Amino acid sequence: MPDNKIKPSTLQLLGIFGQIGFIIAIPVAIFAYFGHKLDLKFHTSPLFLLAGMGLSLFISSLGIYGMIKKIENK
C-alpha cells in the first residue's frame, strides 16, 4: 500500500521542534517559579519545587502527545 502522506519541509520541522520546546519550557518555568515561591513561604524546600516539576512534566507530556497525534492525522 503506497504512503500518500506529504513529508514536511525543513522549515516545518524546525517549527514543530520550536513548538515542542515551548510546550516543555513554559510549564517548567511557571511551575518551578511558583513552587520555589511556595517553598520560601512555607519553608518546605524543595517539596513544592519538585511537585511543580513533576506536574510540569505531566502537562508537557500531554501537550507533546496531543501534538504528535495531530501531526499523525494530517
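The values are calculated or read from the model by the stated rules, or taken from the named source; none is laboratory data. Since the structure is predicted, the reported quantities are computational estimates derived from the model, not experimental observations. Cβ placement follows ideal geometry from the backbone for every residue including glycine, while neighbour counts extend to all protein chains displayed.
Odds and ends about this structure:
- The set of residues in region 29-44 being under 16 Å from Ser61 (Cα atoms) and either touching a His at 6+ places or on another chain (Cβ under 7 Å) or buried (at least 16 other Cβ atoms within 10 Å of the Cβ) (or both) consists of Phe31 alone.
- Some residue of region 26-45 being among the aromatic types (Phe, Trp, Tyr) and over 19 Å from the mean Cα position of the chain (by Cα): yes
- In region 56-74, of all residues being within 15 Å of the chain's Cα centre (by Cα) and polar (S, T, N, Q), the one that is nearest to Phe34 (Cα to Cα) corresponds to Ser56.
- For region 19-33, the criterion of a residue being at pLDDT 95 or above and touching a Lys or Arg at 6+ places or on another chain (Cβ under 9 Å) is satisfied by no position.
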